[in-house]
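The values are calculated or read from the model by the stated rules, or taken from the named source; none is laboratory data. None of the values given here were measured: they were computed from a predicted structure. Please note: Cβ atoms are built from the backbone with ideal geometry, for glycine as well, and neighbour counts cover all protein chains shown.
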Amino acid sequence: MHVEIRTRHGKLGRRLETQLERRLRFALARFGGRIRRISAFLEDINGPRGGEDQRCRIEVSLVSSGSIMAEATDAEVASAVGRAAERVARRVRDALDRKRTLRTRTNSPSRPGDVV
(Lines give C-alpha, C1' and ligand atoms only; values in the text may rest on other atoms or scores of the structure.)
Protein backbone atom coordinates (compact mmCIF):
# COMPACT_ATOMS: atom_id res chain seq x y z
CA MET A 1 0.00 0.00 0.00
CA HIS A 2 1.68 3.17 -1.23
CA VAL A 3 0.87 6.42 0.63
CA GLU A 4 1.39 9.80 -1.00
CA ILE A 5 0.81 13.12 0.79
CA ARG A 6 0.83 16.35 -1.21
CA THR A 7 0.19 19.98 -0.33
CA ARG A 8 -0.79 22.96 -2.39
CA HIS A 9 1.47 25.44 -0.60
CA GLY A 10 4.90 24.45 0.62
CA LYS A 11 6.08 21.28 2.27
CA LEU A 12 5.02 19.59 5.46
CA GLY A 13 7.52 19.07 8.20
CA ARG A 14 8.95 15.56 8.33
CA ARG A 15 7.39 14.92 11.75
CA LEU A 16 3.90 16.01 10.63
CA GLU A 17 4.17 14.05 7.40
CA THR A 18 5.12 10.90 9.33
CA GLN A 19 2.23 11.43 11.75
CA LEU A 20 -0.29 11.88 8.93
CA GLU A 21 0.98 8.83 7.05
CA ARG A 22 0.69 6.70 10.20
CA ARG A 23 -2.90 7.94 10.69
CA LEU A 24 -3.84 7.00 7.12
CA ARG A 25 -2.21 3.58 7.37
CA PHE A 26 -3.93 2.92 10.71
CA ALA A 27 -7.39 3.82 9.38
CA LEU A 28 -7.01 1.67 6.25
CA ALA A 29 -4.76 -1.18 7.46
CA ARG A 30 -7.52 -3.80 7.53
CA PHE A 31 -8.03 -3.29 3.78
CA GLY A 32 -4.29 -3.37 3.03
CA GLY A 33 -4.35 -6.17 0.48
CA ARG A 34 -7.20 -4.54 -1.44
CA ILE A 35 -5.67 -1.06 -1.65
CA ARG A 36 -3.18 -0.12 -4.32
CA ARG A 37 -2.52 3.52 -3.37
CA ILE A 38 -3.61 6.19 -0.91
CA SER A 39 -3.26 9.81 -2.01
CA ALA A 40 -3.89 12.67 0.41
CA PHE A 41 -4.01 16.27 -0.72
CA LEU A 42 -3.80 19.02 1.90
CA GLU A 43 -4.54 22.68 1.44
CA ASP A 44 -5.06 25.80 3.50
CA ILE A 45 -8.24 27.25 2.02
CA ASN A 46 -8.11 30.74 3.58
CA GLY A 47 -4.34 31.12 3.72
CA PRO A 48 -3.09 33.16 6.69
CA ARG A 49 -6.57 34.42 7.67
CA GLY A 50 -7.20 31.41 9.94
CA GLY A 51 -10.43 29.64 10.79
CA GLU A 52 -11.62 26.15 9.87
CA ASP A 53 -9.73 26.11 6.66
CA GLN A 54 -7.46 23.07 6.57
CA ARG A 55 -8.85 20.72 3.94
CA CYS A 56 -7.80 17.11 3.44
CA ARG A 57 -8.97 15.16 0.41
CA ILE A 58 -8.12 11.45 0.34
CA GLU A 59 -8.37 9.17 -2.67
CA VAL A 60 -7.99 5.42 -2.24
CA SER A 61 -7.30 3.36 -5.37
CA LEU A 62 -8.55 -0.19 -4.97
CA VAL A 63 -6.80 -3.17 -6.53
CA SER A 64 -10.01 -4.65 -7.87
CA SER A 65 -11.91 -1.65 -9.13
CA GLY A 66 -11.95 2.11 -9.16
CA SER A 67 -11.22 4.61 -6.47
CA ILE A 68 -13.00 6.09 -3.48
CA MET A 69 -12.72 9.66 -2.21
CA ALA A 70 -13.54 11.56 0.96
CA GLU A 71 -12.66 14.95 2.34
CA ALA A 72 -12.89 16.92 5.55
CA THR A 73 -12.20 20.48 6.65
CA ASP A 74 -11.04 21.49 10.12
CA ALA A 75 -8.99 24.13 11.92
CA GLU A 76 -6.06 21.71 12.39
CA VAL A 77 -4.40 19.61 9.68
CA ALA A 78 -4.20 16.50 11.85
CA SER A 79 -7.92 16.71 12.69
CA ALA A 80 -8.88 17.15 9.05
CA VAL A 81 -6.76 14.12 8.10
CA GLY A 82 -8.27 12.04 10.90
CA ARG A 83 -11.85 12.86 9.92
CA ALA A 84 -11.20 12.30 6.22
CA ALA A 85 -9.42 8.99 6.98
CA GLU A 86 -12.42 7.77 8.99
CA ARG A 87 -14.81 8.73 6.20
CA VAL A 88 -12.80 7.08 3.45
CA ALA A 89 -12.36 3.93 5.57
CA ARG A 90 -16.15 3.66 5.97
CA ARG A 91 -16.63 4.17 2.23
CA VAL A 92 -14.03 1.52 1.38
CA ARG A 93 -15.69 -0.90 3.81
CA ASP A 94 -19.12 -0.21 2.30
CA ALA A 95 -17.85 -0.62 -1.27
CA LEU A 96 -16.15 -3.92 -0.47
CA ASP A 97 -19.26 -5.15 1.39
CA ARG A 98 -21.45 -4.30 -1.62
CA LYS A 99 -19.06 -6.11 -3.91
CA ARG A 100 -19.04 -9.18 -1.64
CA THR A 101 -22.86 -9.14 -1.39
CA LEU A 102 -23.24 -8.99 -5.17
CA ARG A 103 -20.74 -11.81 -5.62
CA THR A 104 -22.59 -13.93 -3.02
CA ARG A 105 -25.96 -13.32 -4.67
CA THR A 106 -24.74 -14.29 -8.13
CA ASN A 107 -23.15 -17.47 -6.81
CA SER A 108 -26.11 -18.64 -4.72
CA PRO A 109 -28.66 -21.15 -6.08
CA SER A 110 -31.79 -19.55 -7.49
CA ARG A 111 -34.15 -22.24 -6.13
CA PRO A 112 -33.85 -24.64 -3.22
CA GLY A 113 -32.24 -27.84 -4.39
CA ASP A 114 -30.42 -26.25 -7.37
CA VAL A 115 -26.75 -27.02 -7.59
CA VAL A 116 -24.39 -24.39 -8.83
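The table below lists the values:
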item	result
The range 1-30, subset among the aliphatic types (A, V, I, L, M) and within 23 Å of SER64 (Cα to Cα), residue modelled with the lowest pLDDT	MET1
Selection status of PHE31, in a helix (DSSP H, G or I) and aromatic (Phe, Trp, Tyr)	yes
Any hit, the range 76-89, residues being hydroxyl-bearing (Ser, Thr, Tyr) and assigned to a strand (DSSP E or B)	no
THR18 being among the β-branched types (Val, Ile, Thr), part of a strand (DSSP E or B) and more than 24 Å from ARG100 (Cβ to Cβ)	no
Any hit, the range 31-50, residues being more than 18 Å from the chain's Cα centre (by Cα) and modelled with pLDDT of 85 or more	yes
Residue within the range 74-88 that is in contact (Cβ under 8 Å) with a residue 40 or more places away in the chain, closer than 24 Å to LYS99 by Cα and among the β-branched types (Val, Ile, Thr) present	yes
Failed item in (1) buried (at least 16 other Cβ atoms within 10 Å of the Cβ); (2) closer than 19 Å to HIS2 by Cα, with ALA72 passing the rest	(2)
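Every residue, every condition in (1) assigned to a strand (DSSP E or B); (2) touching a residue at least 60 places away in the same chain (Cβ under 8 Å); (3) crowded, with 17+ Cβ neighbours inside 10 Å, yes or no:
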{"residue": "LYS11", "(1), (2), (3)": "no, no, no"}
{"residue": "LEU24", "(1), (2), (3)": "no, yes, yes"}
{"residue": "ALA27", "(1), (2), (3)": "no, yes, yes"}
{"residue": "ILE38", "(1), (2), (3)": "yes, no, yes"}
{"residue": "SER64", "(1), (2), (3)": "no, no, no"}
{"residue": "ILE68", "(1), (2), (3)": "yes, no, yes"}
